[in-house]
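The values are calculated or read from the model by the stated rules, or taken from the named source; none is laboratory data. Bear in mind that the values here come from a model prediction, so they are computed numbers and not experimental data. Because the Cβ atoms are built from the backbone with ideal geometry, glycine has one as well, and the counts that use them run over all protein chains shown.
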Amino acid sequence: MFFLYVYNIFFPIQEYTMSKIWILALCASIAFLSGCADGGKKVTRLDVNTVTDLSGSWNDTDSRLVADEMITDCLDRPWYNQYAQQKGSVPTIVIGKVRNKSHEHIRVETFIKDIERALINSGKAEFVANANERADLRDELADQQGNTTEETTKDAGMEIGADLMLTGAINSIVDQEGGEQVVVYQIDMELTDIQSHRKLWLGDKKIKKYMSKSSVKF
């Protein structure tokens, strides 16, 4: 009735016809649906370990599972016991460069953090800061000189040198035909002795995803 009243204000002389009434009803419906759309957003909290794959792209689940599986495989191989026995303690590892060579943007920093977490939680290796983190730590160490009390100032030259460096790359292969797409991610990692440059472990992990037209963006 409100829309009829408004309509009557602007068109007081014209008579209502069935077509005009239908137009007014359509306008009322659009206004009602627009109001519903504005307040219809729904947010549901999920467990961080829940597997979600909305777009088919590399996601947090891929990063976490790949890191866990590859570190477990790395530390369970024969090289580990041999190296630990020769060294007399667990190896000290640093994460080197992990390059993204895939077809999509991947936050490599998140993957590296998942690797660090898997290494530390394994209890089978010590872990030291990478090059970027060491630069920040050295800046802090230099800033302490002459600015902090003698008892709390940290001495330079006391860093622990890493024995091994872990590096890697993320690659992808895309196969698409019509409304179907298959993406294969291949993650290659290698562990190298820093002093001798001897490669101790080579590992790889593949993830294969199929997407139908409804989930593939063109």
(Q) If I filter region 177-190 for residues that are of a type in the set (A, V, I, L, M) and over 21 Å from the mean Cα position of the chain (by Cα), do I get at least one hit? (A) no
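Results for (1) surrounded by 15 or more Cβ atoms within 10 Å (Cβ to Cβ); (2) modelled with pLDDT under 95; (3) not in a strand (DSSP E or B), shown as yes or no for each residue.
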position	(1), (2), (3)
ALA129	yes, yes, yes
GLY146	no, yes, yes
LYS154	no, yes, yes
GLU159	no, yes, yes
ILE170	yes, no, no
HIS197	no, no, yes
LEU200	yes, no, no
LYS213	no, yes, yes
Across region 139-159, the tally of residues that are charged (D, E, K, R) and over 34 Å from the mean Cα position of the chain (by Cα) stands at 4
Those residues of region 87-139 that are within 14 Å of VAL66 (Cβ to Cβ) and out of contact with any strand residue (DSSP E or B) (no Cβ under 9 Å at 6 or more places or on another chain) come to a total of 5
Against the definition (assigned by TED's automatic domain parsing to the domain that holds ILE194 and surrounded by fewer than 18 Cβ atoms within 10 Å (Cβ to Cβ)), how does SER89 come out, yes or no?
yes
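Among the residues of region 172-195, how many are small (Gly, Ala, Ser) and in a strand (DSSP E or B)?
So in region 172-195, the residues small (Gly, Ala, Ser) come out as 172, 178-179.
Next, from what is left, pick out any that are in a strand (DSSP E or B): 172.
Here the count works out to 1.
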If we ask which residues in region 109-127 are on the phi < 0 side of the Ramachandran plot and not in a helix (DSSP H, G or I), their number turns out to be 4
